[in-house]
Amino acid sequence: MNEPYSGVWLLGFDGTGVARIELPPGLEPGGGAFGADGMYYVGSRTRRSIERVDLAARRYRGEALALDGIAFPRGFAVLGDGAFVVASGTHPVLGSGRRALFYYGADGRRSPDAFVDDPELDPLDLVLHGGYLYVTSEFPFGSRDAVVSLRRYDVRTGAAADAWSAGNTPAFAGMKRPRGIAFTEDGTLLICAQNCVVAVDVGRFGSARVVARDDRLAGQSLAALPDASIAARK
């Protein structure tokens, strides 16, 4: 039986395929982030690891980090010194997993204590921006009464900074199962959910707006198209 193909595609802004970088079979890749070293890092849920891809050379460079002790990884950030912060969430089938963020040093070793241990956090994805870690959360995961929120933590200390939810941000009302998270060039944070896409002004707490709503969306990830590429197509 053939395994599903795993790879990284490089595409032009017009959708033209530039290159295809093959990954080892069985990785089940999901989520990625650029590192300060120029590498592109890809998460693997089946192997519970983070893999390294050299986009310049268009080659797979092997495992960068083994995610020991994490039952179901839910996104990661690459820090400037080569360290990682990894979200540990609830397994969608087994229901197991410690809900926290963990710190892995540049040597690959995980700190024994959680970097962020927030009792109201059940992480789904995270992104690093402006000295903070932004994490989408559905707590408790899978519950009909789950509270959807966007939570912010200091990347230096892991200290909690802010938490957006329907109680303080009207645009979050009715949001279900937030998944993808990304920043635009102007610093707006976009969240893709099962039924909508929300834009958050992280500089003004409580300021957010729904930019798209569709109950058939079932969004898993998103990326912001650079303004330069839009101008080039006009």
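Read-outs: derived from the displayed coordinates by stated rules, not from any lab. Here the structure is a predicted model, which is why all the values come from computation and not from measurement. Neighbour counts run over all protein chains shown; Cβ positions are idealised from the backbone, glycine included.
Summing Lys and Arg as +1 and Asp and Glu as -1 over all other residues whose Cβ lies under 10 Å from the Cβ of Ala163 gives a net charge of -1. If a paramagnetic tag sat 7 Å from the Cα of Leu217 along the Cα-Cβ line, which residues of segment 162-185 would have the backbone N under 18 Å from that point? Under 18 Å, as judged by backbone N against the label point of Leu217, lie 164-167, 169-185 of segment 162-185.
Sorting 44-51, 184-191 by average packing, meaning the other beta carbons within 10 Å per residue, from highest down gives 44-51, 184-191. Charged side chains reduced to their Cβ positions (Lys and Arg at +1, Asp and Glu at -1) give segment 67-233 a dipole of some 380 debye around its Cα centre. The alpha carbon convex hull volume per residue for segment 67-233 rounds to 129 Å³.
The slack between Asp186 and Asp154, meaning 0.36 nm per residue of separation minus the straight C-alpha distance, is 9.5 nm. Over all other residues within a Cβ to Cβ distance under 9 Å of Arg151, the charged ones net out to -2, with Lys and Arg as +1 and Asp and Glu as -1.
In this Cβ point-charge picture (+1 for Lys and Arg, -1 for Asp and Glu), segment 98-172 has a dipole of about 140 debye about its Cα centre.
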